[in-house]
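Participant: Please read through the structure below; I'll follow up with questions.
The values are calculated or read from the model by the stated rules, or taken from the named source; none is laboratory data. The shown structure was predicted, so the numbers you read here are calculated from the model rather than taken from an experiment. All Cβ positions, glycine included, derive from the backbone under ideal geometry; neighbour counts span all protein chains shown.
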Amino acid sequence: MNDWKKEYEQKRITLDQVYGMIRSDDYICISYNALEPMAFLENLHTIRDRVEHVRIRHGGLWKDYPFASQKEMAGHFQAMTTFYDACNRKHHAEKLSSLVPGHMHNNTQRLLEDQKINIFYGMVTPMDRHGFMRLPLNMVYEMDALEAADTVILQVNRNLPVVQGQNMVHIRDVDYIVELDQENITISNIDPTDVEMKIGQYVAGLVPDGATIQLGIGKIPNAVGKFLAEKNDLGVHTEMITSIIADLAEQGVITCRRKTLHPGLIVGAFALGSQKLYDYLDENPMVSIMRASYINNPAVIAKNDRMTSINTCLQIDLTGQICSESLGTRQFSGPGGAGDFAVGASHAKEGKSIIAVHSTAKNGTISTIQPTLYPGSVVNITRNDIDYIVTEYGVAKMKGRCIQDRVEQLIAISHPDFRDELREKAKELMIW
Ligand code: COA
């Protein structure tokens, strides 16, 4: 047997040595979400005086790291993100970061056809006796970037769960190893409000037994999860594996046995949640983490009969166009996989693409259903790909329905305070 341990030891370096490798104009890809390498990012700004135009590709950061938040970093570092987080929102005016628009299923391929990746820096599990490490909690672009990068640097973190899937990296394909533990990045479930519980109940009513579900990001999908406990034999094909999915699997609601693609397996492109979720995922043969280029491909999603995608959004127009990433021209989050899954689910046999949203925002002062989207809004799901829209006032069916019918149904599920105004505006703009 090869002596992988010896090769591993020979490749070990320190963080300072990593910083020493970074040159002006480098394009660096980091692993993100629950694999965000915090120590690396925390001190990246220390090389500011000797570098210019270093681009850092990520999908959202958890902290206001100096390189991404301090004015004097402009020109030295640029964060290229696929998702706006609190830090990006706060510092947008300083031009320290910029969103890379794209579908989650193919924006990595488009990146790699266009740009050279100089360094991939990712966080992995310790090496096993066969020489393999795993990218356990995020495979959105990580494996593709790793394969394309000139230099591959992996940070070994003993706290990470060992999640199965097509996420193995062999020591022979790695240039350098940094041994550095980091506490797991967790997010806690916020208890749903009464309104969210109502929405959750309506959505759960649309999910048949034996459905394969995708639950998106946000508070509403978590509320939906609570009502799915009464279902039988659900399957999961999702971008994000959440704590609620682990709970439903442990309760025996999610069995995946009726899935028409990957039967028996919960498949996803990333996992983010509580430590309890990570404990559930650890060495669990029922879970497989795969590349988003596969998981989020609408043609792959559509192979799941009864595929039901459940996402939320910021704004809807009266014809059923969905905006989930911006408030007018103000970038709020990112496209994520909402569009991928809506297209995939609407093409699946007996599939359903569902958007569930509060009827109002900002303490009831703004209707989320608007006659037209705010100028500059991004359309994340076209009206051609949406089947159902749900608020706390009920369910509006879009599938197969004409605009006139859509307008009536959407007004009926809007907040009563805004119904007259919406009706007037629809008349004025002749939306019918
Ligand atoms: N005008 C002004 N503000 C508005 C608004 C409007 N029309 N609509 C919403 N907002 C505000 C809310 O008040 C809230 O602000 P606050 O935090 O200051 O209170 C904020 O926008 C976000 O709303 P909230 O409902 O709390 O967000 P959420 O955590 O449920 O997330 C999305 C909702 C749409 C941002 C999130 O789901 C997302 O980023 N989606 C895109 C990616 C995706 O769908 N991926 C799916 C696969 S994982």
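Participant: Looking for whichever is touching a Cys at 6+ places or on another chain (Cβ under 6 Å) and closer than 17 Å to Tyr32 by Cβ here; the options are Ala145, Ala149. Which one fits? Working first, answer last.
Facilitator: Working: Ala149 fails: touching a Cys at 6+ places or on another chain (Cβ under 6 Å).
The match here is Ala145.
Participant: I've got another one for you. If I go through region 79-98 residue by residue, how many of them are surrounded by fewer than 20 Cβ atoms within 10 Å (Cβ to Cβ) and either in contact with a His (Cβ under 7 Å, 6 or more places away or on another chain) or under 20 Å from Ala292 (Cα atoms) (or both)?
Facilitator: As a first pass, look at region 79-98 and keep what is surrounded by fewer than 20 Cβ atoms within 10 Å (Cβ to Cβ): 80, 86, 89-95, 98.
Filter once more, keeping what is either in contact with a His (Cβ under 7 Å, 6 or more places away or on another chain) or under 20 Å from Ala292 (Cα atoms) (or both): 80.
Result for region 79-98: 1.
Participant: Identify, please: which residue in region 237-280 is among the hydrophobic types (A, V, I, L, M, F, W, C), closer than 16 Å to Phe341 by Cβ and not in a strand (DSSP E or B) and is, among those, modelled with the lowest pLDDT? Please lay out each step first, then the result.
Facilitator: Taking region 237-280 and keeping what is among the hydrophobic types (A, V, I, L, M, F, W, C), we get 240-241, 244-246, 248-249, 253-254, 256, 261, 265-267, 269-272, 277.
Adding the requirement that they be closer than 16 Å to Phe341 by Cβ leaves 240-241, 245, 261, 266-267, 269-270.
Now drop any that are not not in a strand (DSSP E or B), which leaves 245, 261.
On the way: Ile245: 95, Leu261: 98.
Step by step, filter region 237-280, then rank; the result is Ile245.
Participant: To continue, here is another question. Among Gln315, Gln321, which is the only one that is near the ligand (Cβ under 9 Å from one of its atoms), surrounded by 17 or more Cβ atoms within 10 Å (Cβ to Cβ) and closer than 20 Å to Ile411 by Cβ? Break it down into steps so the answer makes sense when it comes.
Facilitator: Values: Gln321 fails: near the ligand (Cβ under 9 Å from one of its atoms).
Result: Gln315 is the single residue among Gln315, Gln321 that is near the ligand (Cβ under 9 Å from one of its atoms), surrounded by 17 or more Cβ atoms within 10 Å (Cβ to Cβ) and closer than 20 Å to Ile411 by Cβ.
Participant: Hey, could you check region 1-43 for residues that are small (Gly, Ala, Ser) and crowded, with 17+ Cβ neighbours inside 10 Å and say which is farthest from Ala74 (Cα to Cα)? Working first, answer last.
Facilitator: The first filter runs over region 1-43 and keeps only residues small (Gly, Ala, Ser), leaving 20, 24, 31, 34, 39.
Filter once more, so that each one left must be crowded, with 17+ Cβ neighbours inside 10 Å: 31, 34.
Numbers: Ser31: 22, Ala34: 26 Å.
For region 1-43, the residue satisfying everything is Ala34.
Participant: Taking Ala223, is it hydrophobic (A, V, I, L, M, F, W, C) and closer than 20 Å to Ala356 by Cβ?
Facilitator: Details: hydrophobic (A, V, I, L, M, F, W, C): yes; closer than 20 Å to Ala356 by Cβ: yes.
Criteria met by Ala223.
Participant: List the number of the failed condition for Ser309; all other conditions in (1) more than 14 Å from the ligand (Cβ to nearest atom); (2) buried (at least 24 other Cβ atoms within 10 Å of the Cβ) hold.
Facilitator: (1)
Participant: Still on this structure: Given the criteria at pLDDT 95 or above, under 21 Å from the mean Cα position of the chain (by Cα) and among the charged types (D, E, K, R), does Asp305 qualify? Give the steps one after another, and end with the answer.
Facilitator: Numbers: at pLDDT 95 or above: yes; under 21 Å from the mean Cα position of the chain (by Cα): no; among the charged types (D, E, K, R): yes.
When the stated conditions are applied, Asp305 does not pass them.
Participant: Shifting gears a bit: Given the criteria within 16 Å of the ligand (Cβ to nearest atom), out of contact with any helix residue (DSSP H, G or I) (no Cβ under 8 Å at 6 or more places or on another chain) and either modelled with pLDDT under 95 or closer than 20 Å to Gly344 by Cα (or both), does Gly218 qualify?
Facilitator: Numbers: within 16 Å of the ligand (Cβ to nearest atom): yes; out of contact with any helix residue (DSSP H, G or I) (no Cβ under 8 Å at 6 or more places or on another chain): yes; either modelled with pLDDT under 95 or closer than 20 Å to Gly344 by Cα (or both): yes.
Against the criterion (within 16 Å of the ligand (Cβ to nearest atom), out of contact with any helix residue (DSSP H, G or I) (no Cβ under 8 Å at 6 or more places or on another chain) and either modelled with pLDDT under 95 or closer than 20 Å to Gly344 by Cα (or both)), Gly218 qualifies.
Participant: Scan region 143-167 and report the pairs whose first residue is part of a loop (DSSP other than H, G, I, E, B) and whose second residue is among the hydroxyl-bearing types (Ser, Thr, Tyr) and crowded, with 21+ Cβ neighbours inside 10 Å, with Cβ atoms within less than 7 Å and a gap of 6+ or a chain change.
Facilitator: Leu160/Thr125; Pro161/Tyr278; Val162/Thr125
Participant: From the list Ser333, Ser346, which one is in a helix (DSSP H, G or I), within 20 Å of the chain's Cα centre (by Cα) and buried (at least 20 other Cβ atoms within 10 Å of the Cβ)? Give the steps one after another, and end with the answer.
Facilitator: On the way: Ser333 fails: in a helix (DSSP H, G or I).
Going through Ser333, Ser346 in turn, the sole match is Ser346.
Participant: Taking Asn106, is it modelled with pLDDT of 90 or more, more than 13 Å from Arg55 (Cβ to Cβ) and within 16 Å of the ligand (Cβ to nearest atom)?
Facilitator: Numbers: modelled with pLDDT of 90 or more: yes; more than 13 Å from Arg55 (Cβ to Cβ): yes; within 16 Å of the ligand (Cβ to nearest atom): yes.
When the stated conditions are applied, Asn106 passes them.
Participant: Take the residues in region 121-142 that are of a type in the set (Ser, Thr, Tyr) and either outside any strand (DSSP E or B) or at pLDDT below 95 (or both), then tell me which one is surrounded by the most Cβ atoms within 10 Å (Cβ to Cβ).
Facilitator: At the first step, the residues of region 121-142 found to be of a type in the set (Ser, Thr, Tyr) are 121, 125, 141.
Right, trim to either outside any strand (DSSP E or B) or at pLDDT below 95 (or both) and you get 125, 141.
Working: Thr125: 24, Tyr141: 28.
Once the filter is applied, the top-ranked residue is Tyr141.
Participant: Which of the residues belonging to region 75-90 are of a type outside the set (A, V, I, L, M), in contact with a strand residue (DSSP E or B) (Cβ under 7 Å, 6 or more places away or on another chain) and outside any loop (DSSP other than H, G, I, E, B)?
Facilitator: Phe77, Gln78, Thr81, Asn88
Here is a yes/no grid of residues against (1) among the charged types (D, E, K, R); (2) buried (at least 23 other Cβ atoms within 10 Å of the Cβ); (3) more than 16 Å from the ligand (Cβ to nearest atom):
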| residue | (1), (2), (3) |
| --- | --- |
| Thr212 | no, yes, no |
| Lys226 | yes, no, no |
| Cys256 | no, no, yes |
| Leu261 | no, no, yes |
| Leu265 | no, no, yes |
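Participant: Out of all the residues in region 281-306, which are part of a loop (DSSP other than H, G, I, E, B), of a type in the set (S, T, N, Q) and surrounded by 18 or more Cβ atoms within 10 Å (Cβ to Cβ)? Spell out how you get there, then give the answer.
Facilitator: Narrowing region 281-306 to residues part of a loop (DSSP other than H, G, I, E, B): 282-286, 290-291, 296-297, 302-306.
Filter once more, keeping what is of a type in the set (S, T, N, Q): 284, 296-297, 304.
The answer is Asn296, Asn297, Asn304.
Participant: Next question. Any idea which of Ser377, Ser353 is in a loop (DSSP other than H, G, I, E, B), within 12 Å of the ligand (Cβ to nearest atom) and within 30 Å of Ala86 (Cβ to Cβ)? Lay out the reasoning, then the answer.
Facilitator: Working: Ser353 fails: in a loop (DSSP other than H, G, I, E, B).
Just a single option satisfies the conditions, and that option is Ser377.
Participant: Would you say Gln17 is farther than 15 Å from Gly122 by Cβ and free of Cβ contacts under 8 Å to residues at least 40 places away in the same chain? Let's see the steps before the verdict.
Facilitator: On the way: farther than 15 Å from Gly122 by Cβ: yes; free of Cβ contacts under 8 Å to residues at least 40 places away in the same chain: no.
Against the criterion (farther than 15 Å from Gly122 by Cβ and free of Cβ contacts under 8 Å to residues at least 40 places away in the same chain), Gln17 does not qualify.
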